[in-house]
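The values are calculated or read from the model by the stated rules, or taken from the named source; none is laboratory data. Keep in mind the model is a prediction, meaning the values are calculated, not measured. Every residue, glycine among them, receives a Cβ derived from its backbone with ideal geometry; neighbour counts consider all protein chains shown. Heavy atoms of the whole protein, side chains included, go into the accessibility calculation; ligands, DNA and RNA do not. Shrake-Rupley method; radii C 1.70, N 1.55, O 1.52, S 1.80 Å.
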Amino acid sequence: PAQAGPTVSSQRPRVISHGLLHMAVLGLWALILAVALVGSCMLDFARGFEGPELWKVTFHKVWIRSFDDTLLSAVAHVPVRKATFESFPVVFFMNSWALSEFEYIIEATRIAEHGYIVFEYATRGFGLSGGRVGAAGPNDQRDISEVISFVLSQREWHPDTNKLGLAGISYGGGLSLIGAALDNRIKVAIAMSGWQSLKEALFKNRSPNQVWGNVLMASGFLTGRMEADIPAMWAEVLKGNESAFSGWAAKRSAKTFADRFRGRNVALLLSSNLEDRLFESDDMLDFFQAYSGPKKMLLNQGIHASAEMSSLFGMPDNYVWKEVKAWLDRWLKKQLPTNSSTDDALVTVQVRSDMRAREHFTEWPSKQVEWLEYGATPRPFLGLHGSLVPRSGTDSSTLLNESHTEDEEELRFAKVTGLTLGVPVVAEVLQAYADKRIVSNLVFSSTMARSHAIWYYTPIRQRSRICGTPTLGFKVSSESSKWQVVAYLFSVDWLSRGTLISHGSLTCWNCTAMERYAQQIKLRTLCEDVEGGLALAFSLYSDMYKPASTHHNLHVKFHYSESFVLRIPFLSTPSLPSAHDFPVYM
């Protein structure tokens with residue numbers, strides 16, 4: 001009879017070949033492995049300068065037969081015992097989307113040398129693993145438990161069955177949260193650039209995340225073998241079919257399984273990048289804030305997975321990975337780390353204006369954040385822009401509430417408005433790696449595109465730090481049942497050039513024509529200094545999102561009322577050596 005459960009197998013999985021395409025992919029894996037080997041040589045050189053004694057590590061290539069006979073390809077880094085009764089905590093790494101089981105090989109070696117069994121495997125459909133990519137679906141979730149059981153059955157490796165952790169970047173990060181919720185044996189989960197809600201990632205506020213969704217589809221087809229329901233569901237998203245996508249996405253979201261964490265005290269380390277337009281930081285902050293067990297949140301500057309990436313290629317002193325090792329030492333070995341931060345902050349946030357600086361918060365939400373609410377007034381007949389007016393405690397706020405509650409302003413659809421989120425992907429990469437900021441021409445928006453865009457301005461008289469997630473409330477109506485509104489938050493200089501610091505969107509696919517809708521959305525989380533002025537802007541189109549309608553006669557009205565509110569989180573005491581240069585705001 002066949003043996004039940006996962007097994008080591010000498011049989012190789014049947015990998016479906018797509019000719020030259022898969023030869024290219026295998027070439028990419030070979031390159032990654034070559035970089036890893038070079039990195040390992042660098043590690044050998046650096047060991048003479050490290051303080052703590054390291055473990056010798058053995059390397060094992062492993063095949064695991066999962067519950068449905070699918071073969072999963074894996075690599076095990078196993079330390080050699082120094083004492084007879086020694087056992088080792090186990091850390092399981094799952095690959096990022098479109099990558100393989102060799103992704104973490106440099107960091108896996110480093111961690112194993114400090115007394116951990118590190119087991120990295122390719123999820124089904126990726127790398128050398130068999131099966132088809134399920135986008136973190138039920139089969140992927142069952143695989144996690146099968147892999148855990150397999151490693152614990154390898155007694156010659158001496159795994160400590162009570163000290164198990166899951167970790168990964170992007171796809172692996174999301175699976176780590178889901179796996180930790182579903183398997184009670186897990187004590188630690190580390191999600192780097194992961195997600196808590198797939199719906200919020202790809203269909204937030206009913207706006208299809210067109211650019212990053214297409215990137216996922218293209219890379220998935222290029223490097224993996226996807227289940228047919230993945231492109232089918234993406235097609236439903238692009239059609240605005242919320243009901244079709246919601247249930248499918250919920251089955252692949254840690255948010256759905258959050259109750260399974262209750263009472264278990266799983267130690268969660270979450271790392272998110274503030275300019276990540278795929279898995280946005282505010283969504284992970286929601287999950288973090290709701291979780292009541294041991295936790296820490298790292299908010300870094302950069303785009304998707306960029307803050308974690310350098311360490312995968314052997315570069316030293318990566319902040320995120322230092323925190324990863326410190327978290328493993330603290331919660332699996334129950335010891336203070338020797339080579340990482342011992343900072344007890346609950347949330348740390350890297351500052352965009354000075355990448356060397358981080359804000360440290362011992363509670364979240366933080367009492368260090370002071371929220372300022374602005375209302376909006378229409379632009380004058382010949383004026384360039386409307387105004388943002390503080391809503392309380394000023395004479396102008398009284399004027400705002402009394403004078404503009406019946407006003408309205410209309411925008412017409414156009415693709416060129418002077419407002420931009422940047423060239424898709426390219427601008428994000430340049431912003432993260434070359435410090436090339438995304439800038440909009442607000443003068444053009446006020447003149448040549450006056451009918452298609454609007455912006456509201458308030459002066460910031462002294463340098464101030466915004467740190468948190470701005471929120472926006474507004475009321476709109478349209479003669480059309482399909483429309484989209486894109487909101488931009490800018491830091492503005494004296495030439496009316498707007499540097500993008502945050503954004504958000506809202507899409508309606510089946511609204512009642514002419515009915516007024518009061519809307520509330522979150523803008524992208526940020527932490528950076530502003531001076532000169534702050535601007536909120538609107539248009540009806542951005543390349544980033546799939547619009548519900550591109551009809552040239554599309555109109556959307558903005559209604560000025562008490563529900564038109566922009567809330568900005570200012571830091572009252574920025575933590576920099578030059579903190580005296582930072583008044584609260586205004």
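When the residues of region 494-512 are filtered to those that are in contact with a helix residue (DSSP H, G or I) (Cβ under 8 Å, 6 or more places away or on another chain) and in a strand (DSSP E or B), the one that is surrounded by the most Cβ atoms within 10 Å (Cβ to Cβ) is GLY498.
Taking PHE126, is it out of contact with any Pro (no Cβ under 6 Å at 6 or more places or on another chain), part of a strand (DSSP E or B) and in contact (Cβ under 8 Å) with a residue 40 or more places away in the chain? Judged against the criteria, PHE126 is not a match. Of all the criteria given as (1) in a strand (DSSP E or B); (2) farther than 20 Å from ARG352 by Cα, the one not satisfied by MET544 is (1). Can ASN184 be described as among the polar types (S, T, N, Q), open to solvent by 10 Å² or more (accessible area, probe 1.4 Å) and assigned to a loop (DSSP other than H, G, I, E, B)? For ASN184, the condition - among the polar types (S, T, N, Q), open to solvent by 10 Å² or more (accessible area, probe 1.4 Å) and assigned to a loop (DSSP other than H, G, I, E, B) - is met.
Could you check, for region 565-572, whether at least one of its residues is farther than 19 Å from VAL492 by Cβ, at pLDDT below 95 and not in a strand (DSSP E or B)? Yes, because at least one residue in region 565-572 is farther than 19 Å from VAL492 by Cβ, at pLDDT below 95 and not in a strand (DSSP E or B).
Assess whether PHE67 counts as being at pLDDT 95 or above, closer than 30 Å to GLY247 by Cβ and open to solvent by 40 Å² or more (accessible area, probe 1.4 Å). Here the answer is yes, as PHE67 does meet what is asked. Being modelled with pLDDT of 90 or more, under 30 Å from ALA307 (Cβ atoms) and open to solvent by less than 60 Å² (accessible area, probe 1.4 Å), is that true of even one residue in region 381-392? Checking region 381-392: not a single residue is modelled with pLDDT of 90 or more, under 30 Å from ALA307 (Cβ atoms) and open to solvent by less than 60 Å² (accessible area, probe 1.4 Å). Being among the basic types (Lys, Arg) and under 13 Å from THR471 (Cβ atoms) is the filter; apply it to region 496-533 and report the residue that is farthest from the chain's Cα centre (by Cα). My answer is LYS522.
For the criterion of being free of Cβ contacts under 8 Å to residues at least 60 places away in the same chain, open to solvent by 10 Å² or more (accessible area, probe 1.4 Å), in a loop (DSSP other than H, G, I, E, B) and under 23 Å from HIS360 (Cα atoms), GLY263 fails.
Conditions tested, residue by residue: (1) among the hydrophobic types (A, V, I, L, M, F, W, C); (2) surrounded by 13 or more Cβ atoms within 10 Å (Cβ to Cβ); (3) modelled with pLDDT of 95 or more.
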| position | (1), (2), (3) |
| --- | --- |
| TRP55 | yes, yes, yes |
| LYS61 | no, no, yes |
| ASN95 | no, yes, yes |
| ALA98 | yes, yes, yes |
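The strands (runs of 3 or more DSSP E) found wholly in region 276-377 and carrying at least 3 residues that are closer than 21 Å to SER253 by Cα and open to solvent by less than 40 Å² (accessible area, probe 1.4 Å) occupy 295-300. Considering LEU216, LEU152, LEU164, LEU182, the condition of being at pLDDT 95 or above, closer than 30 Å to GLY504 by Cα and not hydroxyl-bearing (Ser, Thr, Tyr) is satisfied by LEU216 alone. Among the residues of region 200-235, those identified as open to solvent by 40 Å² or more (accessible area, probe 1.4 Å), assigned to a helix (DSSP H, G or I) and not polar (S, T, N, Q) are GLU200, ARG206, VAL215, ALA218, PHE221, LEU222, ASP229, PRO231, ALA232, ALA235. Cβ separations smaller than 7 Å between residues 6+ apart or across chains give the following pairs from region 508-528 residues that are over 30 Å from ALA357 (Cβ atoms) to residues that are of a type in the set (A, V, I, L, M): CYS508/ALA548; TRP509/ALA548; TYR517/VAL476; GLN519/VAL476; GLN519/LEU506. Look at (1) farther than 23 Å from VAL91 by Cα; (2) in contact with a Lys or Arg (Cβ under 8 Å, 6 or more places away or on another chain) and you find that LEU346 fails only one, number (1).
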